[in-house]
Amino acid sequence: MWRAIRAAAVAFALVGGAVLVLVAAVTVVSVGGRWLLSTPVLGDVELVQLGTAAALALFLPYCQLHGSHLIVDIFTARTATSAQRRLDRMAQGLAAVVLGLLAARAGAGVLDLRAAGETSMVLGMPLWLAYAVMVPSLALASLIALARVWRHEPDAG
Amino acid sequence: MSAWSALLLFGAMLALMALRLPVWAAMFIPGAVGYVVLSGADAWLAYLKGMAFARFSIYDLSVIPLFLLMGQLATQGGLSSALFRAAASFVGHWRGGLAQAAVLASAAFGSVCGSSVATAATIAQAALPEMRRYRYDGGFAVASLAAGGTLGILIPPSVVLVLYAIVAEQNIARLFAAALLPGVLAAALYCVAIALLMRRRPELGPAEPRVPWPQRRATLGGVLPVLVIFVIVLGGIYGGVFTATEGAAIGVALTGLVGLLRRQLKAAGLRTALLATAETSGVIFMIFLGADMLNGALALTQFPAHAAEAIGALPWPPLLVLALVLLFYIVLGGVMDELSMLLLTLPVVFPAVMQLELFGLAPEAKAIWFGVLLLTVVNIGLIAPPVGLNVYVVVALARDVPVAQAYRHVGAFLAADAVRLTLLLLVPPLSLWLVQFVQ
């Protein structure tokens, strides 16, 4: 189970990275087109916005897996390691709750957008599609935080 | 009343940070509670629906992951070690020369990388084995690499300046132009600091043998791609040919291309670059989310507006108020990470500073100059005890150097920073002169 979760987090991050590379590629083509042919890619700004948002969301489970988020450890530097571990478990639990809540609310946001039928300005893409990437990403991040309440060690993946 | 609730929110945040909660959650949770208390659960739940997407899909912020990816590709493409080899072949035969080479290589790498932590880590990987071979003092080596790493944000592109540009609603290209001369000044002062330290403690950084000229010239081939990428990317942004986001995207393409042409960037390296970008971007944007939540609650208390007015109306000389603001940041940077510090305080501090009458500067010039001053303060926070993030990064790579030993040698670099901050504070043209050339 844990191995599957770990593989999923790495896969999410790599897909997010690929999306980011794609965002860069579209932008480069657009700048080139504007310069050489004075025809930029239609809706390039939108593609950058939606693509970056999707990529950033896809990065979150990996950060949770890897224990990348910054913590301030000077106040507990002299506390016993076992006490630090207990605090870290509690922190993971709280993070799981917050991330889970964010996932649920993003889900509600997707349903709203779908019902309203909102589309992007230039290309007319349904906005809920890009928005929908947030939900599994935040949910997976929440799941990893939950799992790490019991499984302390950060994982390089 | 408003001041008390704001103080309560800040206090709760600091308490949660002390309990080892991730910084983003330590901001998010008090912010959420404050929001619910001040405007009700329904309003809060409605706000939560869109907050992550709203923050992640801001066009101007997309430069952050793109510049991070560019820096990672430059690392995996072997550009950082090429830069260090070139710099070391020119100055390595001086005492402390390898440390100066690390500073120069960091400055050059900073011109294609917007993150100080990434710069410190990548140059350290190239420089530490060499410094160890010539029996450099471990603490001195770590201190110079940590300080050199801050050039990653001091020399444009810079994640911190992008963040400031968004929060203060300023032009990114002009901020990048303003930071250029101060960044070069920082590198020069670090080299001077190393030279002065070597006079008193020559045993810290033994000289390596002189490299003959033909070999020196040969190393310059590794510097050329970085120079070309910098000129195209930053030149295009300064010249108004493309936006910062477009520049970053072109930078990603060029850096990737150079890595492929040099046959250094392979599938494994690409994977590492993508995962490292994922990690740093995710950390930064979760801090954005946490700060958004807390700032949302703080704005409801109306404390930021009142506090800004009060600071702006202090009956003291404006330059003294500004100096105190910078001092406050240096102290706060000792217990908080620099990004959340800026995100949480700028809603108060920026309007306050804009009210001050400083050298008769126009509002836009003042905003840009203040951005450069803030950058310097952030850079001090990154290497100063008790929590200098860059020092921790390099210590983790060196493995056998205790943090305390590194901090013992950070003083020389902090002195250089103090000199630079004073110069930048008293001589605004150092930051503003180049801005006039931006289209």
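The values are calculated or read from the model by the stated rules, or taken from the named source; none is laboratory data. Source: prediction; values computed, not measured. Neighbour counts are summed over all protein chains in view; Cβ atoms, including those assigned to glycine, are modelled from backbone coordinates with ideal geometry. Keep in mind that these areas ignore ligands, DNA and RNA; they rest on the heavy atoms of the full protein, side chains included. Shrake-Rupley method; radii C 1.70, N 1.55, O 1.52, S 1.80 Å.
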Open item on the list: Which condition from (1) more than 14 Å from the chain's Cα centre (by Cα); (2) more than 7 Å from chain B (Cβ to nearest Cβ) is the one that A:SER142 breaks?
Closed with: (1)
Task: Odd one out for B:ALA179 among (1) of a type in the set (Gly, Ala, Ser); (2) closer than 17 Å to B:LEU83 by Cβ; (3) touching a residue at least 60 places away in the same chain (Cβ under 8 Å) - done: (2)
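Across the range B:376-398, what is the number of residues that are aliphatic (A, V, I, L, M) and either farther than 23 Å from B:TYR164 by Cβ or outside any helix (DSSP H, G or I) (or both)? It would help to see each step written out before you state the result.
Going through the range B:376-398, the residues aliphatic (A, V, I, L, M) turn out to be B:377-378, B:380, B:382-384, B:387, B:389, B:391, B:393-398.
Okay, now just the ones that are also either farther than 23 Å from B:TYR164 by Cβ or outside any helix (DSSP H, G or I) (or both), so B:384, B:387, B:391, B:394-398.
The number of residues fulfilling the criteria is 8.
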TODO: Please state which of the following conditions B:LEU257 fails to meet, knowing it meets all the rest: (1) within 14 Å of chain A (Cβ to nearest Cβ); (2) under 18 Å from the mean Cα position of the chain (by Cα); (3) over 27 Å from B:LEU48 (Cβ atoms); (4) not charged (D, E, K, R).
DONE: (2)
Task: Test: residue in the range B:59-71 that is hydroxyl-bearing (Ser, Thr, Tyr) and more than 24 Å from A:ALA141 (Cα to Cα) - done: yes
TODO: Kindly indicate the residue of the range B:271-287 that is open to solvent by 10 Å² or more (accessible area, probe 1.4 Å) and hydroxyl-bearing (Ser, Thr, Tyr) and also nearest to the other protein chains (Cβ to nearest Cβ) among those meeting that condition.
DONE: B:THR280
- [ ] Kindly check whether there is at least one residue in the range A:128-139 that is closer than 17 Å to B:ILE287 by Cβ and surrounded by fewer than 20 Cβ atoms within 10 Å (Cβ to Cβ).
- [x] no
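Among A:ALA104, A:ALA147, which is closer than 19 Å to B:MET293 by Cα and not hydroxyl-bearing (Ser, Thr, Tyr)? Give the derivation first.
Working: A:ALA147 fails: closer than 19 Å to B:MET293 by Cα.
Residue meeting the stated conditions: A:ALA104.
Which is open to solvent by less than 40 Å² (accessible area, probe 1.4 Å), in contact with a helix residue (DSSP H, G or I) (Cβ under 8 Å, 6 or more places away or on another chain), over 30 Å from B:MET51 (Cα atoms) and not aliphatic (A, V, I, L, M), of B:GLY296, B:GLY312, B:GLY333?
Details: B:GLY296 fails: over 30 Å from B:MET51 (Cα atoms); B:GLY333 fails: over 30 Å from B:MET51 (Cα atoms).
When all the criteria are applied, what remains is B:GLY312.
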Open item on the list: Take the residues in the range B:50-64 that are within 7 Å of another protein chain (Cβ to nearest Cβ) and of a type outside the set (S, T, N, Q); name whichever of them is surrounded by the fewest Cβ atoms within 10 Å (Cβ to Cβ).
Closed with: B:TYR59
Open item on the list: I'd like the residue in the range A:99-125 that is touching a residue at least 12 places away in the same chain (Cβ under 8 Å) and more than 11 Å from chain B (Cβ to nearest Cβ) and, out of all such residues, is most open to solvent (accessible area, probe 1.4 Å).
Closed with: A:MET121
Task: Residue satisfying condition, being modelled with pLDDT of 95 or more and either at negative phi or in contact with a Phe, Trp or Tyr (Cβ under 6 Å, 6 or more places away or on another chain) (or both), within set B:LEU181, B:LEU128, B:LEU163 - done: B:LEU181
- [ ] Could you tell me whether B:ALA218 is of a type in the set (A, V, I, L, M) and under 27 Å from B:LEU374 (Cβ atoms)?
- [x] no
Open item on the list: Exactly one of these conditions fails for B:VAL401: (1) assigned to a loop (DSSP other than H, G, I, E, B); (2) within 14 Å of another protein chain (Cβ to nearest Cβ); (3) over 21 Å from B:TYR164 (Cβ atoms); (4) not basic (Lys, Arg). Give me its number.
Closed with: (2)
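Count, please, the residues in the range B:193-210 that happen to be open to solvent by less than 30 Å² (accessible area, probe 1.4 Å) and not in a helix (DSSP H, G or I). Explain how you work it out, then say what you get.
First, pick out the residues of the range B:193-210 that are open to solvent by less than 30 Å² (accessible area, probe 1.4 Å): B:193-194, B:197-198, B:204-205, B:208.
If we keep only those that are not in a helix (DSSP H, G or I) as well, we get B:205, B:208.
Residues in the range B:193-210 being open to solvent by less than 30 Å² (accessible area, probe 1.4 Å) and not in a helix (DSSP H, G or I): 2 in total.
For B:ARG85, indicate whether it is assigned to a helix (DSSP H, G or I) and charged (D, E, K, R).
Against the criterion (assigned to a helix (DSSP H, G or I) and charged (D, E, K, R)), B:ARG85 qualifies.
Per-residue answers, yes or no, for (1) open to solvent by 10 Å² or more (accessible area, probe 1.4 Å); (2) within 7 Å of chain B (Cβ to nearest Cβ):
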position	(1), (2)
A:ALA11	yes, no
A:VAL15	yes, no
A:VAL28	yes, yes
A:VAL45	yes, yes
A:VAL48	no, yes
A:THR52	no, yes
A:GLY67	yes, no
A:ILE71	yes, yes
A:VAL97	yes, no
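I'd like the residue in the range B:212-239 that is assigned to a loop (DSSP other than H, G, I, E, B) and over 19 Å from B:SER158 (Cβ atoms) and, out of all such residues, is most open to solvent (accessible area, probe 1.4 Å). Break it down into steps so the answer makes sense when it comes.
Narrowing the range B:212-239 to residues assigned to a loop (DSSP other than H, G, I, E, B): B:212, B:223, B:239.
Adding the requirement that they be over 19 Å from B:SER158 (Cβ atoms) leaves B:212, B:223.
On the way: B:PRO212: 68, B:VAL223: 42 Å².
Filtering first and then ranking leaves B:PRO212.
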Open item on the list: closer than 19 Å to B:LEU397 by Cα and either in contact with a strand residue (DSSP E or B) (Cβ under 9 Å, 6 or more places away or on another chain) or at pLDDT 95 or above (or both): which single residue out of B:ALA121, B:ALA107, B:ALA102 fits that description?
Closed with: B:ALA102
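When you look at A:ARG78, is it more than 7 Å from chain B (Cβ to nearest Cβ), closer than 20 Å to B:ALA18 by Cβ, more than 26 Å from the chain's Cα centre (by Cα) and not in a loop (DSSP other than H, G, I, E, B), yes or no? Outline the logic, then answer.
Values: more than 7 Å from chain B (Cβ to nearest Cβ): yes; closer than 20 Å to B:ALA18 by Cβ: yes; more than 26 Å from the chain's Cα centre (by Cα): yes; not in a loop (DSSP other than H, G, I, E, B): no.
Taking the combined requirement at face value, the residue does not satisfy it.
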Open item on the list: Looking only at the range B:20-49, count every residue that is within 7 Å of chain A (Cβ to nearest Cβ) and surrounded by fewer than 17 Cβ atoms within 10 Å (Cβ to Cβ) and tell me the total.
Closed with: 1
Open item on the list: Just to check your reading of the model, which residue among B:GLY251, B:GLY290 is under 22 Å from the mean Cα position of the chain (by Cα), more than 21 Å from A:VAL29 (Cα to Cα), open to solvent by less than 20 Å² (accessible area, probe 1.4 Å) and facing chain A (nearest Cβ under 10 Å)?
Closed with: B:GLY290
Task: Among (1) of a type in the set (A, V, I, L, M); (2) open to solvent by less than 10 Å² (accessible area, probe 1.4 Å); (3) over 30 Å from B:GLN215 (Cα atoms), the one test that B:LEU98 misses - done: (3)
Task: Lone qualifier among B:VAL348, B:VAL321, B:VAL325, B:VAL258 - being under 30 Å from B:GLY50 (Cα atoms), part of a helix (DSSP H, G or I), touching a residue at least 12 places away in the same chain (Cβ under 8 Å) and of a type in the set (Val, Ile, Thr) - done: B:VAL348
Task: Qualifying positions in the range A:73-92 - closer than 19 Å to B:VAL335 by Cβ and surrounded by fewer than 21 Cβ atoms within 10 Å (Cβ to Cβ) - done: A:ASP73, A:ILE74, A:PHE75, A:THR76, A:ALA77, A:ARG78, A:THR79, A:GLN84, A:LEU87
